[in-house]
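Only one structure is covered here, and it is reproduced in the block below.
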Amino acid sequence: MAVLRARGHDVVVEDPWSLGRLSAVRRDRDGLLRAAANPRGMQGYAVGR
């Protein structure tokens, strides 16, 4: 978390498993885009460009 805050990101830490459905997208240093979704109870999508 400290690294994200040092880069200027606002970080809010919640209790484990308290947010329900989550999606995440990241871009690696080589430009590769990675995405993941947790569809608990419904379909989930993670999309980035």
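I need the full set of residues from the range 1-32 which are among the aliphatic types (A, V, I, L, M) and either in a loop (DSSP other than H, G, I, E, B) or touching a strand residue (DSSP E or B) at 6+ places or on another chain (Cβ under 7 Å) (or both), in order please.
Result: 1, 11, 12, 13, 19, 22, 24, 25, 32.
Given the criterion under 12 Å from the mean Cα position of the chain (by Cα) and basic (Lys, Arg), identify the matching residue among 34, 5.
34
Checking residue 47 against (1) surrounded by 10 or more Cβ atoms within 10 Å (Cβ to Cβ); (2) under 12 Å from the mean Cα position of the chain (by Cα), only one condition comes out false. Which one?
Here residue 47 clears every test but (1).
Does residue 12 satisfy the criteria of being without any contact (Cβ under 8 Å) to a residue 12 or more places away in the chain and within 13 Å of the chain's Cα centre (by Cα)? Don't jump to the end; show me each part of the working.
Details: without any contact (Cβ under 8 Å) to a residue 12 or more places away in the chain: yes; within 13 Å of the chain's Cα centre (by Cα): yes.
Judged against the criteria, residue 12 is a match.
A short reminder: the numbers here are calculations on the coordinates, not readings from a lab. Note that the coordinates shown come from a computational prediction; the quantities given were computed from them, not determined experimentally. A quick note on method: Cβ atoms are made from the backbone with ideal geometry, for glycine too, and the neighbour counts reach across all protein chains shown.
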